[in-house]
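The block underneath contains the structure these notes are about, expressed in structure tokens.
The values are calculated or read from the model by the stated rules, or taken from the named source; none is laboratory data. Nothing here was measured: the structure is a model prediction, and the numbers come from that model. Positions of Cβ are generated from backbone atoms using ideal geometry, with glycine treated the same way; all protein chains shown enter the neighbour counts. For accessibility, only protein heavy atoms count, side chains too; no ligands or nucleic acids. Shrake-Rupley method; radii C 1.70, N 1.55, O 1.52, S 1.80 Å.
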Amino acid sequence: MKYNIAVIPGDGVGPEVVAQAIKVLDAVAEAYDHIFIYKEAKLGSCAIDKTGNPLPKETVDICNTADAILFGAVGDPKYDNDPKAKIRPEQGLLNLRRALGLYCNIRPVKAYDNLLSNSPLKREIIKNTDFVIYRELTGGIYFGEKKLSQDEQTAFDVSSYSVQEISRVTHLAFQAAQKRRNKVTLVDKANVLETSRLWRRTVTEIAKEYKDVELEYLFVDNAAMKMILNPTHFDVILTENLFGDMISDVASSLSGSIGILSSSSIGTKNGLFEPIHGTYSQAKGKDIANPLASILSAALLLKYLGLYEEADAVERAVDKSLALGFTTQDIKRKIQKSTTTSKVGDFIADYILNQDDSNMNFRNIHMGQSTII
Ligand code: IPM
Ligand code: MN
């Protein structure tokens, strides 16, 4: 089959990790006889430099006509340290989410057996962690009115939610729970916030349609703690935009590295697939960033296109690289040397093309070491 894929490398290490995901998609195309047509588009700091706009119209057009979108990362330290900047790279991503109606962000969190010792948390606590965060992505405080007073002494950001915005993501979370372990945890701050109370009321009502799914409520502060103390407690977490952003970074500590967590954003028109990590600008151009989050985002993209066998091959190749310790430095094991971003991409692409589990020399070949047993 033929698919049009919009590719938005973005800023920082975005282009380096997305290049590995493309390598992997090319291997999938070859092994499974597909054609992927890529159209590259600009977003973020690189788009501001070129056009003055973090989200050029051309980028929205390319995304609108694509079957799916592969995204890297957005942001630049020169804006982080300049609170006065009126135009910011992140606006590009937020506006794209809005323009494409990507209201549901799905972030799977898994503790890989091969990475248990990479987490600062005890292995017996994180072992078997397997949950997914359903984060509302186009509402709440991210998109409410914002203002800085004339004298610059006061500022506000409005958080607002409608029943309709809450309902559509809630249905997706409950449907996901039905295919998993039948539990939804609604994370909010209903002891303080009116919006959270609307979430509770709406979600409680919708839960009646899903009798086989258990619904529990947790305040966000408590949920963040529980995620560290007892992560296997969770199955599907449903939450608003800002809380979802925060707890997904907390959750990354369970997986050994934020460099391996991928995400899908879905909604009314299209699907966008991206790592949950940011631009990691200190690593830009050094070929050291972990490409697995981007490669696993490509696997999610394949599932979105209905290519399950292909996605499974990508995930097995990633598992293989972890099992053999063929990884970047953020997740290397003590006794092993780490390798580079591009070599991890080569390894995974090659594994998809060969899928030869019997080849004990696979790691050595890629490490550029002896190939003779
Ligand atoms: C994320 C990011 C974005 C967000 C930023 C880059 C705007 O942190 O996708 O988690 O806050 O949503
Ligand atoms: Mn974030």
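Check the range 67-75 and report whether any residue there is β-branched (Val, Ile, Thr) and either within 19 Å of the chain's Cα centre (by Cα) or assigned by TED's automatic domain parsing to the domain that holds GLY267 (or both). Yes, that holds for at least one residue. What residue, among those in the range 1-17 that are touching a helix residue (DSSP H, G or I) at 6+ places or on another chain (Cβ under 6 Å) and β-branched (Val, Ile, Thr), is surrounded by the most Cβ atoms within 10 Å (Cβ to Cβ)? Result: VAL17. Within the range 267-289, being among the β-branched types (Val, Ile, Thr) and open to solvent by 40 Å² or more (accessible area, probe 1.4 Å) holds for THR268, ILE288. Looking across the range 145-197, not a single residue is farther than 28 Å from ASP235 by Cβ and crowded, with 16+ Cβ neighbours inside 10 Å. Going by the conditions given, is ALA223 more than 16 Å from ligand 1 (Cβ to nearest atom), part of a helix (DSSP H, G or I), under 25 Å from GLY267 (Cβ atoms) and touching a Leu at 6+ places or on another chain (Cβ under 9 Å)? No, not satisfied.
Checking the stated criteria, PRO77 turns out to be open to solvent by 50 Å² or more (accessible area, probe 1.4 Å), more than 28 Å from ASP346 (Cα to Cα), in contact with a Ser or Thr (Cβ under 8 Å, 6 or more places away or on another chain) and in contact (Cβ under 8 Å) with a residue 12 or more places away in the chain. Taking helices (runs of 4 or more DSSP H) as the structural unit, those lying wholly within the range 241-334 and holding at least 1 residues that are within 14 Å of ligand 2 (Cβ to nearest atom) and under 28 Å from ASP221 (Cβ atoms) correspond to 241-252, 292-304. Consider only pairs whose beta carbons are under 6 Å apart and that are at least six residues apart or on different chains; among these, list those whose first residue lies in the range 158-174 and is in the same structural domain as LEU186 (by TED's automatic domain parsing) and whose second residue is of a type in the set (Asp, Glu). Going by the 6 Å Cβ cut-off, the qualifying pairs are VAL158/GLU145; VAL169/GLU136.
Elements of the type helices (runs of 4 or more DSSP H) sitting completely within the range 76-154 and holding at least 1 residues that are touching a Leu at 6+ places or on another chain (Cβ under 6 Å) and closer than 27 Å to THR195 by Cβ: these cover 89-99.
Residue count for the range 80-99 under the criterion of being surrounded by fewer than 22 Cβ atoms within 10 Å (Cβ to Cβ) and aliphatic (A, V, I, L, M): the result is 4. Please determine whether any residue of the range 262-270 is out of contact with any strand residue (DSSP E or B) (no Cβ under 7 Å at 6 or more places or on another chain), more than 16 Å from GLY12 (Cβ to Cβ) and of a type in the set (A, V, I, L, M, F, W, C). No, that holds for no residue. Restricting attention to the range 268-317, the residues that are closer than 21 Å to ASN4 by Cβ and under 15 Å from the mean Cα position of the chain (by Cα) total 14.
Set side by side, the residues THR170, THR195, THR185 differ, and just one is of a type in the set (S, T, N, Q), touching a Phe, Trp or Tyr at 6+ places or on another chain (Cβ under 7 Å) and part of a helix (DSSP H, G or I), which is THR195. Within the range 335-352, the set of residues being outside any loop (DSSP other than H, G, I, E, B), free of Cβ contacts under 8 Å to residues at least 60 places away in the same chain and out of contact with any His (no Cβ under 8 Å at 6 or more places or on another chain) comprises TYR351 only. If we keep just the residues of the range 238-261 that are surrounded by 24 or more Cβ atoms within 10 Å (Cβ to Cβ) and under 17 Å from ALA21 (Cα atoms), which is nearest to ligand 1 (Cβ to nearest atom)? Per the criteria, the residue is LEU261. Among the residues of the range 291-304, the one identified as open to solvent by 10 Å² or more (accessible area, probe 1.4 Å) and out of contact with any strand residue (DSSP E or B) (no Cβ under 6 Å at 6 or more places or on another chain) is LYS303.
Within the range 60-75, restricting attention to residues that are under 28 Å from LEU292 (Cβ atoms) and not in a strand (DSSP E or B), the residue that is farthest from ligand 2 (Cβ to nearest atom) is ASP67.
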